[in-house]
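Please treat every number below as a calculation from the coordinates, not as lab data. Given the structure is predicted, the values throughout are model-derived calculations rather than measurements. Note that each Cβ is placed from the backbone with ideal geometry, even for glycine, and that neighbours are counted across all protein chains shown.
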Amino acid sequence: MEKLKIKNYPMVSPAPTVLVGADVNGKPNYATVGAFGMVCLEPVFYVSLKSTHYTTIGVKENGYFSINVPSADMVQITDYCGIVSGKTTDKSIVFTSFYDELKKAPMISECPLNFLCKIIQIVPIYGFEVFFGEIVSTYLNKQCLTGNKPDPLKINPMIMMGTSYFDLGQAVGNLFKEGVEYKKL
Ligand SMILES: Cc1cc2nc3c(=O)[nH]c(=O)nc-3n(C[C@H](O)[C@H](O)[C@H](O)COP(=O)(O)O)c2cc1C
């Protein structure tokens, strides 16, 4: 297959769409983020936030942040939180916020999956700060379970790539099983 060498632009890489939450000046604030992911087998996420974002102030002040996974039907409100800043617009009113007993960061009731993370490391990079957060609690909408497992198609998260958001589509295989099938060929 012929390969073209193209521009080094990170947005050509698919990314999960999440809303990062923090209390800033006594109110919940949320920012849309694509630079988010897992880093190891331990329950640790990274999220990369521009240092000048309003959310970043709260994340640093409180030492905690929330990761809220919106479902695809929340695409407009999710994009909105990535367009307007808490510096000029009160984003505390766009969602119903809830807290766990630690009360360290607000989480979004409307999102089917929520994580509260405690910062364990911060790495500055090109005007951003990469926050590594240990997951201290996880909340899932009850109806997103199939049996006793979180069901990705019921959570229905969004992927961003290029200039579009996509839903999850269909499963094409099973982790740690497809390779076993390949080995049998
Ligand atoms: C699709 C999308 C992805 C984004 N990804 C990031 C990201 O990974 N990191 C980041 O710092 N900002 C990201 N942003 C920008 C912030 O969400 C945006 O600047 C927001 O207004 C910041 O809000 P705040 O100032 O209230 O924190 C993204 C925005 C959109 C729409």
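In terms of its alpha-carbon gyration tensor, the chain comes out prolate; a/c meets the 1.5 threshold, and the first ratio a/b outweighs b/c. Evaluating 6.51 cos²θ - 1.76 cosθ + 1.60 at θ = phi - 60° for every residue in segment 43-52, the Karplus couplings come out as x, 10, 10, 10, 9, 10, 10, 4, 4, 8 Hz, glycine and proline recorded as x. Of the residues M160, M107, the one with the fewest other Cβ atoms within 10 Å heads the list, and the complete ranking is M160, M107. Phi angles across segment 116-131 convert, under the Karplus curve 6.51 cos²θ - 1.76 cosθ + 1.60 with θ = phi - 60°, into 3J(HN,Hα) values of 9, 10, 9, 5, 10, 6, 10, 10, x, 8, 6, x, 10, 10, 8, 9 Hz, Gly and Pro given as x.
Taking other C-beta atoms within 10 angstrom as a stand-in for reagent exposure, S164, S51 fall in the order S164, S51, fewest first. Springs join every pair of Cα atoms under 10 Å in this Gaussian network model of the chain, and among V84, V130, V12 the largest mean-square fluctuation is at V12.
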